[in-house]
Amino acid sequence: MCLHQSQEMEHLRPVSFLMGLVLLYPGAVSSEVLRVRRGHPVVLQCEVNPGGTLPSVTWKLHLYNSSCVISYKTEEDNTKTSFSSCSPRMRSDKLSLMISNTDISDEGMYICEIPYDRDTIYRNYLLLVLVQPSTFLKLNSDGSPECGAIGGSPPAEISWIPDLDDINTTKLEDPDRTWSVISTFNSSGINETSVTCVVSHPTFVNPWKADITLSGGYKLQIDNIVRLIVTLIITFLLFVRFLLYLKIKCQGENIP
């Protein structure tokens, strides 16, 4: 029970972190949510033009386990300077912040600040990095169907057809902050010869589906075939008996 609660807390950690940012920065409520696949580039555009000379632009990044700053400034002598304490994969070009080869560690709040007259203009982004999981469906050592979605972000959702209550699903956070989801279907006591696993994830155009024959499924199919053959034989014998009865009855009526 304690292990299960610990796993659930680990699953909620990224959500708690992002909610904390929302509380820390009221403007984050109106943040634009950007989703990008891991390994793909992304461009965040401040899209704020106060007019005239752009004195400076500062990007403040509050990531999952770190914070950093990227700034661009025009000095009084028109000299342009820049500063960055962020990953070398990130660079700023005035109002744009470009990230090449995004990773899960880039998830977090991106805040663009532009000082203008007596006020500061803000633009906020919440960046989420998606990772497509690998999937499998097999019979485990107990002969029960086991379906998995390994290395996904966010965690995949797994369901079964038929949908029963006796299903055990575990979510584990991997060292690289992706998630592995394993779902086991207890097939004892059901009459189905096969079940279907359905995996849903934001990176899938359509849910991933796979069927598997239950252990003992072939025996159940054979038993059904035997029952059918026996039923057909009995029906045939009854029909033959009925024909013989009609023949004997007709012969008896023809005797003078």
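The values are calculated or read from the model by the stated rules, or taken from the named source; none is laboratory data. Because the structure is predicted, anything quoted here is derived from the model rather than measured. Glycine gets a Cβ as well: all are built from the backbone with ideal geometry, and neighbour counts include every protein chain shown. The area values use the complete protein model at the heavy-atom level, side chains included, leaving out ligands, DNA and RNA. Shrake-Rupley method; radii C 1.70, N 1.55, O 1.52, S 1.80 Å.
Below is a table of values for the structure above.
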| quantity | calculated |
| --- | --- |
| Those residues of the range 50-98 which are closer than 30 Å to Gly151 by Cβ and touching an Asp or Glu at 6+ places or on another chain (Cβ under 6 Å), in sequence order | Tyr64 |
| The range 192-203 residues that are farther than 22 Å from Gly152 by Cβ, paired with ones that are in a loop (DSSP other than H, G, I, E, B) (beta carbon under 8 Å, 6 or more apart) | Glu192/Pro162; Glu192/Leu214; Thr193/Leu214; Ser194/Leu214 |
| Residue ID - nearest to Asp103 (Cα to Cα), chosen from residues in the range 166-187 that are of a type in the set (Ser, Thr, Tyr) and either outside any strand (DSSP E or B) or open to solvent by 50 Å² or more (accessible area, probe 1.4 Å) (or both) | Thr178 |
| Residues being buried (at least 16 other Cβ atoms within 10 Å of the Cβ) and assigned to a strand (DSSP E or B) - total across the range 97-115 | 9 |
| Identity of the residue in the range 130-149, open to solvent by 60 Å² or more (accessible area, probe 1.4 Å) and either of a type outside the set (Ser, Thr, Tyr) or part of a loop (DSSP other than H, G, I, E, B) (or both), that ends up nearest to Val199 (Cα to Cα) | Gln132 |
| Qualifying residue in the range 51-62 (condition: touching a helix residue (DSSP H, G or I) at 6+ places or on another chain (Cβ under 8 Å), surrounded by 14 or more Cβ atoms within 10 Å (Cβ to Cβ), at pLDDT 80 or above and part of a loop (DSSP other than H, G, I, E, B)) | no |
